[in-house]
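**Q** My questions will all concern the structure given below.
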Amino acid sequence: MYLRLPASAAFLLFTLGVLTGSPRAIAQSSTQSGATPLPAVEVTAGQPKKKTAKAKTAKKSAAPVAQAPTSMPAATQAAATGGSGEGATRPGLNLDVPAQTGSRLGLTPLETPASVEVIPGTTIHERGQTSVDDAVTQNATGFTSTASPGNGWASLGTRGFVGNNAVMRLYDGTRLYVGAGTITFPFDTWSAERIEVLRGPASVLYGEGSIGGVVNVVPKRPTDYFTADGEVAYGTDNTKRFGVGMGGPVSDQLGYRLDVSGTQSDGWLDQNGEFSKLAISGSVVFKPTNDLKFTLSNDFGDQSPMKYQGTPLINGSPEPVRFTNFNVDDSELHFRDNWTQLKAEWDVNDWLSLRNTTYYLTSNRHWRNTEWYEYMGGNVVERWDWLEIYHDQEQVGNRFDAAFRTALGGGVKNELVVGFDVNRVKFRHTNNYSDPNGEQNNGDVYDEVDPFNFVPGKFLNPDGTVPVFDTTTQQYSLFAEDRLVLSKELSVVAGIRLDHPTVERVDLNGAPANVPFEKSFSDVTWRVGAVYSPVRDLAFYGQYSTGVDPVGGIISLNASNAPWVLATGRQIEIGMKQAFWHGRGEWTLAAYDIEKQNLLSRDPSAPGNNYRQVGQQSSRGVEASLALQVLPSLRYEGNVALLQARYDDFVSRTSCQVGSPDCVGGFKALDYSGNRPTNVPEQVVNNWLSWAFLPKWEAHVGVRWVGSMYGDDSNEYKRAPFTVVNLGLDYEVTDKSEIALRVYNVFDEIYATDGGSTQWQLAPPRTGEIVYRMKY
């Protein structure tokens, strides 16, 4: 009788929460859960400890909350760690905070035999990171971005692997499927309670598509106490930004949360650089009993990114035309996403917990651009690749799992999670470049512009834009994860997952490449690891894991890709983690070795999507992170990633003149074995220093250094390393408000996030903003 919540009732409950919510003091600690906890599983890694924080940070953040034993039922544990989680996280690595991304067992990073990071929302907002891309790359260890406004959420890279099929995106623990290489949700951090990051293969947890890692954006949800916050900001390029949020209990059984944020800007380009975005997130929690909880949420995003596709190199440099947008005057970018989710969590008794998540996601996207530019000499830049594309994507699914906890005697305890995941994704692709005769529309359409006296012109589309194909992808998965606590010092964690996706493609325009077909994949992935804690708050771990990646994206698979096999990989990782100095310091150290076979690679110097399936790629490296409260007023956080990434076996081909040396049938072999993959730096360093130098003043300095990268598989086109410095200054006006000044890219570094021999995707120049924030 408790498993149904009609839409009309949900809407009524949500409206009631918004209209009747009123400020009030925290009536009770969120640790006062009504559920009865299990006898504690005694482990040395996850014990609560006091955290010394600088005075100013302590005022801005919720007070630390004692952590619940990880053997508690899931819903009880969530309540015991602060409800929405703001009370559970704090500045630092949060090694003792339960995280949902590295394990389905609710383990802390200290208890997990993998590299797991928790980035608190308070840290993200303090550093002025308004995009998920910035929050991940500037805070997490070893992450880089090949950001492009036109590609939705940037293609992230870590541990030598780059792209949406190598680093998976999750929202509130649920996977977002990649449609034709694109994900556009979520894009804003205002409603994020935290961002959790797992480095290394995670297919055993979330399925194919995560050989490099996982990024999980965890949104704010209702808490047991009233809270409200807001901010307004104004910056360079006439940038205006706002965020407002509130939530709390309506009664003992009902609570709500609502967040709204938006941005509008003229952009940093001389013309056609404006952008805007709006995000709305709302949720209602209903607790009919202490052991049963329902959460209904809806998250909406609407964005029109800057219509910038890159900058041509003028004699090898983008600087002469750095602020010129070479796109057409009537270009268009617009993405709209909506996500509805219903969660049910039931702690049946001390040894059994049940969780179910049902969700529905829609994505609508539109591009109209000319995307490739090349300087031809003199006053001529040639433009081509006139593309108009529509995506209509619908994803519906359900995930269920059951957690069992048992004591086996002799101090041995066991936790087991088993479950299934089913979903269906419908995807329609509309464009202007698939011709029924098998030729690309507009493929021979070029125009020439003067880069120094630029006139944008209009979009050329002589052949029109038509629907090209529909796909329906149905997938089911079975998974299990187990933690065996052998003693206070030693535990073993293992998992296994079966994935079985089937994609059916229907041709809509008769092109040979769009031949209807149906293709099924089936793979089993697994991992096993151990954690040894000889003393409290110190953990040594080792792990072996496997993973699989799709070939160009499952839901947009075409006939030419269908015969390819899934890319497979394995990782060996060892590491250490420790909290020390009575919780004022935390550090991690990890070393890994990854091999991946049958992967795809794209040459960014060639127009279009020139994919090849190669033999093998490998990477190995070390990563370290440190968070240290040096003084009550001085805090340091930083990380470093060093790696070596290589194509071990990669032979591609290029066209050639028949009769020329090594030319066979009009093609010549190109051996890239031993080369570094594109857009992969071998060094990434992040440093952040916060100093409360006066009672009401605090300064922040962030320094990010990224090593050199190659823009092509032949390693002929090298982009130089770059350093980006960000500064912040906060002044506490009252106990509940402050003014902040932010300056990004202080030294106006010119660098690219992507690009090859003729065109680069430039990062923004120096910008700044002033922010007024309030929190109750």
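**Q** Go through TRP190, ASN216, LEU205 and say which Cα lies farthest out towards the positive end of the charge dipole of the range 181-221; charges sit on Cβ, +1 for Lys and Arg, -1 for Asp and Glu.
**A** It is TRP190.
**Q** Along the Cα→Cβ direction, 7 angstrom out, place labels at ALA699 and GLU518. What is the inter-label distance in nm?
**A** Once both label points are built, they end up 6.7 nm from each other.
**Q** For the full complex of protein chains and a 1.4 angstrom probe, list LEU486, LEU634, LEU762 by accessible area with the highest value first.
**A** Of LEU486, LEU634, LEU762, the descending order of accessible area is LEU486, LEU634, LEU762.
**Q** In addition: Keeping all protein chains in the complex and leaving out DNA, RNA and ligands, what accessible area do you get for GLU319 with a 1.4 Å probe, in Å² to the nearest 10?
**A** The value for GLU319 is about 120 Å².
**Q** So if R0 is 25 Å, what FRET efficiency would MET774 and HIS582 give, r being the distance between their Cβ atoms, rounded to the nearest 0.05? Mind dumping the intermediate values first?
**A** Numbers: r = 33 Å, r/R0 = 1.31.
After rounding to 0.05, the efficiency reads 0.15.
**Q** Then there's this: Quick one: if the Förster radius is 25 Å, what FRET efficiency do LEU278 and ALA228 give, using the C-beta to C-beta distance and rounding to 0.05?
**A** E(calc), rounded to 0.05, equals 0.80.
**Q** Same structure, new question: Go through the range 233-240 residue by residue and turn each phi into a ³J(HN,Hα) via Karplus (6.51, -1.76, 1.60, θ = phi - 60°); whole Hz please, and just put x for glycine and proline.
**A** Values, residue by residue: 9, 9, x, 4, 6, 6, 8, 10 Hz.
**Q** Now, a different point. Can you work out the FRET efficiency for the pair TYR446 and ASP735, with r the C-beta to C-beta distance and R0 = 41 Å, to the nearest 0.05?
**A** Computed FRET efficiency for TYR446 and ASP735: 0.10.
**Q** Next question. Hey, which of these cross-link pairs are over 20 Å Cα-Cα: LYS307/LYS458; LYS293/LYS736; LYS293/LYS343; LYS696/LYS736?
**A** The answer is LYS293/LYS736.
**Q** In addition: When the chain is fully extended, how far beyond the present Cα-Cα distance does GLU595 get from LEU631, taking 0.36 nm per residue of separation?
**A** Working: separation 36, 0.36 × 36 = 12.96 nm, distance 4.26 nm.
The GLU595-LEU631 span can extend by a further 8.7 nm.
**Q** Moving to a separate point now. Could you go through the range 521-529 in sequence order and give the Karplus-derived ³J(HN,Hα) for each residue, using 6.51 cos²θ - 1.76 cosθ + 1.60 with θ = phi - 60°, rounded to whole Hz, and x for Gly and Pro?
**A** 10, 8, 8, 10, 10, 7, 8, 8, x
**Q** Got a sec? What order do TYR433, TYR532, TYR751 fall in by accessible area at 1.4 Å, biggest, i.e. largest, first?
**A** TYR532, TYR433, TYR751
**Q** Suppose the chain between ASN315 and VAL664 were pulled fully straight at 0.36 nm per residue; how much longer would it get relative to their current alpha carbon spacing?
**A** Result for the pair: 122.2 nm of gain on full extension.
**Q** Here's another thing I want to ask about it. Can you give the extra length, in nm with one decimal, that the chain gains between SER487 and LEU352 once fully stretched, where that is 0.36 nm per residue apart less the Cα-Cα distance?
**A** Result for the pair: 46.4 nm of gain on full extension.
The values are calculated or read from the model by the stated rules, or taken from the named source; none is laboratory data. Keep in mind it's a predicted model, so treat the numbers as computed, not measured. Reconstructed Cβ throughout: ideal geometry from the backbone, glycine too, with neighbour counts over all protein chains shown. Please note that ligands, DNA and RNA were not included when accessible areas were found on the heavy atoms of the full protein model with its side chains. Shrake-Rupley method; radii C 1.70, N 1.55, O 1.52, S 1.80 Å.
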